[in-house]
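Student: Sharing a structure, written as structure tokens. Questions coming.
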2 protein chains.
Amino acid sequence: MDSLEEVNDFVKNGHQQYLPHISLDSVIFGYHDQHLKILLLKWKGMNGWGLPGGFIQRREPMSQAANRILQERTGLDQVFLQQFHIFGDSPYRLQEQSPQEFTKKYGHVVEDSWLFERTLGIGYFALVDYSKVSVQTDFFTDDHQWWDVLEIPTLLFDHNEVVQKALATLRLQIYHQPIGYNLLPEKFTLNEIHSLYETILGKELDIRNFAKKLVSLGIVKKLDERRAIGPHRSPYLYQFMKEAYENALKQGLVHTY
Amino acid sequence: MDSLEEVNDFVKNGHQQYLPHISLDSVIFGYHDQHLKILLLKWKGMNGWGLPGGFIQRREPMSQAANRILQERTGLDQVFLQQFHIFGDSPYRLQEQSPQEFTKKYGHVVEDSWLFERTLGIGYFALVDYSKVSVQTDFFTDDHQWWDVLEIPTLLFDHNEVVQKALATLRLQIYHQPIGYNLLPEKFTLNEIHSLYETILGKELDIRNFAKKLVSLGIVKKLDERRAIGPHRSPYLYQFMKEAYENALKQGLVHTY
DNA sequence: GCAAAAGTGTTGAGAATACACCCATGC
DNA sequence: GCATGGGTGTATTCTCAACACTTTTGC
């Protein structure tokens, strides 16, 4: 959606293609340099940041819409993607938006649009390999940036609430499901997965006990390879045991870290 | 909504009052006689059972809508009520409904209605005191019944999936949150809460270990009272420690049963 | 006294935690 | 040789799980 014509059509007639009153909002987590980050977009004209999102096509399964939106935005496919909450209570989710606001923001006159009506937001979160993402912006957004989860600014709409809920869900989920397959490269060092878990949980984990745990759960295995890392001892590489991992995803784990 | 006029108006003009494309579906759990039960309604004309549900008013917070619908249906207020999933993938959630079908079901001619459009379902589950519920039916339903969760029949729409997901969520949640405050009378015996947990989890729990656990978590306390139960030894009564309970609700627990 | 349900404690195994020193590498 | 990060094992504590007999009560 780049040309003015396309945008005009979307604003005026989008409800013929998309379900009105429902948006999908994606919290895309990436992990880089021992920091857990979230992809934010800068809204044109509003001078503020918000989550990427989109709408569900009239005859498209909801989860397919979530995948499509992620794909369009990041180029990624087949990543971990999961709904976690619906947002329909905050003041922003109650009121209609005004046409004047819209015109002011985008310098674009519109009398009426399905976009101004009340919209509930379905929150999805994704875990992606930071390095593989190539972000597309569109007419409504003109910049993107990865933000450390500890330094998220005040966001547009109710998106701070959405991010907080996503984080809380991720932290809870890590007790029941293995996490990391989509956040780490295929082969990784113990330190990398260790600080990933520390980062997500926001607390320190003894690395020796942590390694024992992961291996005893059977979801990672130590390889016979090492990675050269400059002036220091070369760390061993680890890899997820795909089968055990998938199994744990489905069955759920009960344990602590 | 009883008179034909009201129903007609709802079918034709309901979208002026309610958000289209979105319904709320409630899985109402009650506990009675050592069985976990779900409240189902019998759909008029369709000869099948389904979950109670409703729609969100245009300017009503979503969670308030969920409470209102529960209140209208059961007379209950201030119970545990929580969203757990949105359903938008099953074949039933993809297609529009046909006016002919509607007419056949309700013996009622309608050309077109917002009710025929594709509708996503927001699943809520409630935990209620079985004995306090007094069920209201409406134009679309003509009977109600509590069904044992182990004996749920084939339901209308995608409601079997909704029920299964609600159960799975409840079972997962019981590892992180205390449950029972809304399902049991104020004072209860150890046996009662014990079989509640056994029922929800669908497995046996050693009653001695179970009691130790609950007390050590600090969410119930043993009272100095007993209940007379006929020809047998009188059991002690227990009570939830409201503060610790609320705390555990908010903070989450990590432990096993 | 007997049938039915309630009450109660201990032990062993396994898991979680805490903790510190040596190794490899490049400069 | 030294600075930096990586690697490894053991002892202690705690939690979980398993298990059976005695007490109360009304008839």
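Student: Using DSSP, restrict attention to beta bridges with both residues in segment B:4-173 and report what percent are antiparallel, rounded to the nearest 5.
Tutor: Details: 25 of 35 bridges.
Looking only at bridges with both residues in segment B:4-173, the antiparallel portion is about 70 percent.
Student: Skipping prolines and chain starts, which residues have an amide H placed within reach, meaning under 5 Å, of the one on B:VAL220, given they are 5 or more residues away or on another chain?
Tutor: B:MET241
Student: Count the net charge of all other residues whose Cβ sits under 15 Å from the Cβ of B:ASN160, scoring Lys and Arg as +1 and Asp and Glu as -1. Display every interim value, and only then the final one.
Tutor: Values: positive: B:ARG93, B:LYS165; negative: B:ASP25, B:ASP89, B:ASP148, B:GLU151, B:ASP158, B:GLU161.
Around B:ASN160, the charge tally is -4.
Student: While we're on this one: Give me B:VAL133, A:VAL162 ranked fewest to most by other Cβ atoms within 10 Å of their Cβ, as a rough exposure proxy.
Tutor: Numbers: B:VAL133 18, A:VAL162 26.
With the sparsest Cβ surroundings first, the list reads B:VAL133, A:VAL162.
Student: Tell me which of B:LEU170, B:PHE125, B:SER113 sits at the most positive position along the dipole axis of segment B:4-173, charges placed on C-beta atoms (Lys, Arg +1; Asp, Glu -1).
Tutor: After comparing all options, I get B:LEU170.
Student: In vacuum, with every alpha carbon of segment A:187-251 counted as one equal point scatterer, what does the Debye formula give for log10 I(q)/I(0) at q = 0.12, 0.26, 0.30 Å⁻¹? Two decimals, please.
Tutor: The Cα Debye sum returns log10 ratios of -0.33, -1.21, -1.28.
Student: Considering every residue in B:82-91, what mean count of other chain Cβ atoms within 10 Å of its Cβ is obtained?
Tutor: Taking all residues of B:82-91 together, the mean is 4.
Student: Something else now. Using the 10 angstrom Cβ neighbour count as an exposure proxy, how do A:ILE229, A:ILE56, B:ILE152 rank, fewest first?
Tutor: The order, fewest Cβ neighbours first, is A:ILE229, B:ILE152, A:ILE56.
Student: While we're on this one: ³J(HN,Hα) across segment B:74-82 via Karplus (A = 6.51, B = -1.76, C = 1.60, θ = phi - 60°), whole Hz, x for Gly/Pro?
Tutor: 10, x, 8, 9, 6, 10, 6, 8, 8
Student: May I pose another question? Would you mind checking the radius of gyration and Dmax of segment B:4-173 based on alpha-carbon positions, in Å?
Tutor: Reported Rg and Dmax, both Å: 15.6, 48.
Student: Restricting to the protein assembly as shown, compute how many DSSP beta bridges are antiparallel as a %, nearest 5. Numbers along the way, then the final one.
Tutor: On the way: 64 of 84 bridges.
The antiparallel proportion sits near 75 percent.
Student: On to the next question. How much net charge surrounds B:PHE87 when only other residues with a Cβ under 15 Å from its Cβ are counted (Lys, Arg +1; Asp, Glu -1)?
Tutor: Overall, the nearby charge balance is -2.
Student: Separate question: Where the only charges are on Cβ atoms (+1 Lys, Arg; -1 Asp, Glu), what is the dipole of segment B:187-251 about its Cα centre, to the nearest 20 debye?
Tutor: 140
Student: Then there is this: Roughly how far apart, in whole Å, are the Cα centres of segment A:116-184 and segment B:65-125?
Tutor: Distance between centres, Cα-based: 30 Å.
Student: Distances in nm, one decimal, shortest first, from A:GLU72 to the same residue in every other copy, taking the label point 7 angstrom along Cα→Cβ.
Tutor: 3.4
Student: Which one of B:ILE200, A:SER234, A:PHE55 is farthest out on the positive end of the charge dipole of the protein assembly as shown, using unit charges on Cβ (Lys, Arg +1; Asp, Glu -1) and the Cα centre as origin?
Tutor: A:SER234
Student: Pop out the ³J(HN,Hα) list for segment A:181-194 in order, Karplus 6.51 cos²θ - 1.76 cosθ + 1.60 with θ = phi - 60°, rounded to Hz; leave Gly and Pro as x.
Tutor: 3, 9, 9, 10, x, 4, 10, 9, 8, 4, 4, 5, 5, 4
Student: Taking each label point as 7 Å beyond Cα in the direction of the beta carbon, state the distances from B:ASN209 to the same residue in the other copies, shortest first, in nm.
Tutor: In nanometres, ordered from closest: 2.2.
Student: In debye, nearest 20: dipole of chain B around its Cα centre with unit charges on the Cβ of K, R (+) and D, E (-)?
Tutor: Numbers: 27 positive and 32 negative charges, 236 e Å.
For this selection, approximately 1140 debye.
Student: Let me ask something additional. When Lys and Arg each count +1 and Asp and Glu each count -1, what net charge do the other residues less than 15 Å away from A:LEU70, Cβ to Cβ, add up to?
Tutor: Values: positive: A:ARG68, A:ARG73, A:LYS132; negative: A:ASP25, A:GLU60, A:GLU72, A:ASP77, A:ASP129, A:ASP138.
Its environment carries a net charge of -3.
Student: Given the options B:THR103, B:PHE188, B:PHE140, identify the residue whose Cα lies farthest towards the positive end of the charge dipole of the protein assembly as shown (+1 on Cβ of Lys, Arg; -1 on Cβ of Asp, Glu).
Tutor: Most positive-ward Cα: B:PHE188.
Student: What area, in nm² and to one decimal, does the C-alpha convex hull of the protein assembly as shown cast on average over all directions?
Tutor: That works out to 28.5 nm².
Student: Taking the Cα centre as origin and putting +1 on Lys and Arg beta-carbons and -1 on Asp and Glu beta-carbons, what dipole magnitude results for the protein assembly as shown, to the nearest 20 debye?
Tutor: Details: 54 positive and 64 negative charges, 448 e Å.
Computed about the Cα centre, the dipole is about 2140 debye.
Student: Between copies, how far apart are the B:GLU246 label points? List them in nm, one decimal, shortest first, with each point 7 Å from Cα toward Cβ, please?
Tutor: Distances to the matching label points in the other copies: 4.7 nm.
Student: Please report B:LYS37, A:LYS212, A:LYS42 as a ranked list, fewest other C-beta atoms within 10 angstrom at the top and most at the bottom.
Tutor: A:LYS212, A:LYS42, B:LYS37
Student: Tabulate in residue order the Karplus-calculated ³J(HN,Hα) for segment B:100-109, using 6.51 cos²θ - 1.76 cosθ + 1.60 with θ = phi - 60°, rounded to whole Hz; enter x for Gly and Pro.
Tutor: Along segment B:100-109, the couplings run 4, 3, 4, 4, 4, 5, 10, x, 7, 8 Hz.
Bear in mind these aren't lab numbers, they're just calculated from the coordinates by the rules spelled out. Remember, predicted model here, so these are calculated numbers, not experimental data. No Cβ is skipped: glycine too gets one built from the backbone with ideal geometry, and neighbour counts run over all protein chains shown.
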